[in-house]
Amino acid sequence: MTKVVLNFKTYAESTGMAALELSRICEEAAEQYDVEMVVVPQIADIRLIAENVSIPIYAQHVDGVGFGGYTGHITAASVKAAGASGTLINHSERRLKLAEIEAALSSCKAEGLATIVCTNNIATTKAAAALKPDFVAVEPPELIGSGIPVSKADPGVVTGSVEAVKRIEPEVGVLCGAGISRGEDLKAALELGSVGVLLASGIIKAKDQKKALEDLLSGIQR
Ligand code: G3P
């Protein structure tokens, strides 16, 4: 099933009660399409959303530390207890070192959380795939927030990532992101071999978030 992952980042339009409202819009839209719609709110908003909405919730980041003296860190156990079923790791806006990515993945696996490791090009996609997350999400940083869809501006990074992952760890799903907002962008991303998209501003900053999401999901066959 196509995976559509909406990263709430730290936009005002997707923080606190606005995060809950947007999650409700996502839940409603997901019912109408053959799609797994995932919301990715800030950590502090996870529990509120989990108590009110039944679509999957992922954290934006998890640290590879366990219980103990790690003030300010985010543990896999805490996001799971709050109601998340997965997490992003190594988003371009929250980059980690290779050893930290591996540690975060181990913590998530121990807690049974689904994992999406974000990458910025084919080389980092290869390295991430070797660590066996559930998904990698390739996003050229220069296209993030640009409104120029990766599926049109840099289709080679998507097809190259898909081919590389097939050779290295075929079980790992490839998502792509950056500048995706319309149905045609999503359709093009799927045609390039990705199993879904990771996106943010095209929906979150839209005047009418519901309409924007419906436009996006119209790229999936009903
Ligand atoms: O995590 C999704 C993201 O980095 C892409 O952002 O605003 O280009 O959809 P945007």
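Taking amide H as placed 1.01 Å from N in the peptide plane, T87 has its amide H under 5 Å from the amide H of A59, A114, T115, I116, each at least 5 places away in sequence or on another chain. Residues whose amide H comes within less than 5 Å of that of R182, counting only those at least five positions distant or on another chain, are absent (H built at 1.01 Å from N in the peptide plane). Residues whose amide H falls under 5 Å from that of E36, counting only those 5 or more places apart or on a different chain, are T2, K3, V4, with hydrogens built in the peptide plane.
A simple charge model with +1 on the Cβ of Lys and Arg, -1 on the Cβ of Asp and Glu and nothing else charged puts the dipole of the chain at about 280 debye relative to its Cα centre. Cut-off 10 angstrom, C-alpha nodes, Gaussian network model of the chain. Which of E51, E36, E13 fluctuates the most? Largest GNM mean-square fluctuation: E51. Classify the range 92-222 from the C-alpha gyration tensor, please: rounded if a/c falls under 1.5, else prolate or oblate depending on whether a/b exceeds b/c. Prolate shape, in that a/c is at least 1.5 and a/b is the bigger ratio. Taking the chain as a Gaussian network of alpha-carbon nodes connected by springs under 10 Å, the highest mean-square fluctuation of the residues G202, G193, G72 belongs to G72. By definition, a body whose alpha carbon gyration tensor gives a ≥ b ≥ c is oblate when a/c is 1.5 or more and a/b is not larger than b/c, and the chain fits this oblate description. Sorting 203-212, 52-61 by their mean Cβ neighbour count within 10 Å, with the most densely packed peptide first, gives 52-61, 203-212. Give, as a single signed number, the net charge of other residues whose beta carbon lies under 10 Å from the beta carbon of M37, with Lys and Arg counted +1 and Asp and Glu -1. Neighbourhood net charge equals -3. Using Cα springs under 10 Å in a Gaussian network model of the chain, which residue among S151, S194, S107 shows the largest mean-square fluctuation? Looking only at S151, S194, S107, the biggest GNM fluctuation is shown by S107.
Read-outs: derived from the displayed coordinates by stated rules, not from any lab. Please read these numbers as outputs of a predicted model, since none were measured by experiment. No Cβ is skipped: glycine too gets one built from the backbone with ideal geometry, and neighbour counts run over all protein chains shown.
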